[in-house]
Amino acid sequence: MARKVKKSSYNTIQSGTHIRGKWHDHRYIVKKRLGEGAIGSVYLCSMNGRNVALKISEKNTSITIEVNVLKALQKVQGNKLGPSLYDVDDWVAQDGKTYSYYVMEYIQGMGMHSFIRRYGNQWVGPFLLQLLNDLEALHQAGWVFGDLKLDNVLIDIKPPRVRLVDVGGTTQVGRSIKEYTEFYDRGYWELGSRKAEPSYDLFAVVMIFIHVFYPNRFEKRGDSFALLNRKIAAIPSLKPYRACFYKALKGVYQKSADMREDIIYIMANHPSSSRSIQQKLPFWRRTTPLECISIGMITLSAYGVAWLFT
Amino acid sequence: MEKGTIRQILLITDGNSNRGQDPVTVAALAREQGITINVIGIMENNDSEASSGLIEVEDIAQSGGGVSQLVYPASLSQTVQMVTKQGMTQTIQGFVNKELEAILGKNESIESVDPKKRGEIMEVVEDMGETCKLEVLVLIDTSASMYHKLSTVKEALIDLSISLQARIGDNVFSMYQFPGKRSDIEPIMKWSPNLDEMYQTFPKLASGGITPTGPALQEAMYQFGKNHVVRSLRRSGTQSEEEFL
């Protein structure tokens, strides 16, 4: 019984390789490998000169499950939840093995961590709002994102907009979370179940922003709730949101929109959390008046809500 | 297999079986009885994947119709729940493939239908995986070399119960260790819906130099017949509603 010690070849597709679909006969030319997930690898490819992202794996069932989720998300009108899906097919490689893949929109984004480090902590508030907005739409459509983490949040740069990628963990509300990452999982912290419900994602939202300021993460030790609160309180940019984050960690919010409302209220009452946006003008602000308007609207609505509360 | 129930043995070992029947043969036997065998091989931190003692890990799982994974102790938790779930999907898929063969002819399987149909089939498979009843017998190798890994194993199993308790379908667990003092296996926990019950009886000490993996698997197989009194008492998670703002 000889044991094969080899890396699966879908992980090492050379650039220049032509991938031709067995069913639909579309052709893709591999440009470079973008990354590796739990179930497969993602490549940047070109199709008729257009850039697309292609996710390929030997586990055809896992690919199929992800495709089902992407299809379901395309049906949600209004918000762009996850990348657009273009094609699903099989590829018979030169080694004779059949791999399954799907082709999606290539989102050329920047990691949120690098973005915030480069353009400033005042982006915490807007990104929180954008993220909660997308999650609200996702939850209303009957899905929970599941494996919500820093790696799965990209910032589309012009204008800066949060995009969720990798739907491998996306699960129908009421089922058990399909895939998760320990640091973001409330089950790991002993602060809740792994049932797919909106509050599961909201817990992870808090962990995303903790991770931004603790890039090396940290481990579970003693009382998780106390530990996480200490970590939040120690970061000046997160401190204003502390009360809201407590509630999210405790699973108090049943809806993303409720958490969003609290964030808007906080932003209005802690000018330090939003005001400095106006002071620092990065490149896109000079080029896209639209973005100025949208930030203006956030600020306006923030003050509007604040006014309602007073 | 009785419809709607998945039976699994989850074998956690560091390999090197050295007593009694060949575990690969026993695994094939279990599979015939409708019991899938998933195997997790725990490596030493300086082991390579090719380490000879662990070769049997993949062979046992393959023969038992299940999934195997080699892992370092640090990532055991995620692996245990992943292997259990993948094993379930694989089992259900096996049935679906049999049905497909009956409809489409021999050697037809999910792979041979077009991606669109495949999507519909997988929806059914996922659905069954979420709602079916699951019986897992956890079989832990407690031979001497496992001594310093047992606390990690315990943590991983608690984590597994968090994952499975989130399912819609019912779960029952039991847990055995091998070698036993007088017999091949010894119970840690009899069939129960709550894996947490093992807290009181989880072994802290490893028990000896021999590793009778084959005989232990065989004994474990018979335990499935003894599980009819258990009715699931699934607890619904309650969340505290404390206000903070």
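Bear in mind that the values in this text are calculations on the coordinates, not laboratory data. Just so it is clear, the model here is predicted, and its values are computed rather than measured. All Cβ positions, glycine included, derive from the backbone under ideal geometry; neighbour counts span all protein chains shown.
Quick notes on this one:
- Proportion of all alpha-carbon pairs of the stretch A:11-105 beyond 20 Å (%): 31
- As a length-normalised measure over Cα pairs under 8 Å and 6 or more apart, the relative contact order of the stretch B:114-219 settles at 31 percent.
- Site pair A:Lys255 and B:Ile168 shows an inter-label distance of 2.4 nm when each label is modelled 7 Å from Cα along Cα→Cβ.
- Rounded, prolate or oblate (a/c below 1.5 giving rounded, otherwise prolate when a/b exceeds b/c) for the stretch B:5-244 by Cα gyration tensor: oblate
- Relative contact order (percent, whole number), chain B, Cα cutoff 8 Å, 6+ residue spacing: 23
- Added length on full extension, which subtracts the Cα-Cα distance from 0.36 nm per residue, A:Tyr214 to A:Asn133: 26.7 nm
- The mean sequence separation of alpha-carbon pairs under 8 Å and at least six residues apart, normalised by the residue count of the stretch A:100-215, gives a relative contact order of 26 percent.
- Those trypsin sites (Lys or Arg not before Pro) in the stretch B:96-201 that DSSP places in a loop and that have at most 11 other beta carbons within 10 Å: B:Lys106, B:Lys181, B:Arg182
- DSSP H segments from chain B that extend 18 Å or more along their own axis, Cα-based, with Kyte-Doolittle mean of -1.0 or above: B:76-104, B:115-131, B:150-165
- In range of the label at B:Asn18: residues from the stretch B:136-165 whose backbone nitrogen is under 20 Å from the point 7 Å along Cα→Cβ: B:140-150
- Normalised Debye scattering of the protein assembly as shown at q = 0.05, 0.06, 0.07, 0.12 Å⁻¹ gives log10 I(q)/I(0) of -0.23, -0.33, -0.45, -1.24, counting only Cα atoms as equal scatterers and leaving out solvent.
- Subtracting the Cα-Cα distance of A:Arg221 and A:Ile29 from 0.36 nm times their residue separation leaves 64.3 nm of extension gain.
- Counts of other chain beta carbons within 10 angstrom of each beta carbon in peptide A:172-184 average 3.
- Rounded to two decimals, the Cα radius of gyration of the stretch B:29-132 over 2.2 N^0.38 Å is 1.25.
- Residue order, fewest to most surrounding Cβ atoms within 10 angstrom, among B:Glu111, A:Glu219, A:Glu197: A:Glu219, B:Glu111, A:Glu197
- By the count of other C-beta atoms within 10 Å, a proxy for reagent exposure, B:Val113, A:Val144, A:Val165 are ordered fewest to most as B:Val113, A:Val165, A:Val144.
- Full-stretch length increase - A:Asp156, A:Arg20 - with 0.36 nm per residue and alpha-carbon distance subtracted: 46.0 nm
- Annotation for B:Asp114 and B:Ser151: the two label points, set 7 Å from Cα along the Cα-Cβ direction, are 5.8 nm apart.
- Calculated FRET efficiency, A:Gln172 to B:Asp196, Cβ-Cβ distance, R0 = 22 Å: about 0.25 to the nearest 0.05.
- Inter-probe distance in nm under a simple model that places probes 7 Å from Cα toward Cβ, at B:Ser52 and B:Gln33: 3.2
- Count of Lys pairs (Cα-Cα under 17 Å; at least 8 positions apart or interchain) in the stretch A:11-105: 9
- Shielding score for A:57-65, defined as the mean number of other chain Cβ atoms within 10 Å: 5
- Between A:Arg242 and A:Glu182, the FRET efficiency estimated from the beta carbon spacing at R0 = 22 angstrom works out to 0.40.
- Pairwise centroid distance, computed over Cα atoms, of the stretch B:28-42 with the stretch A:163-212, Å: 31
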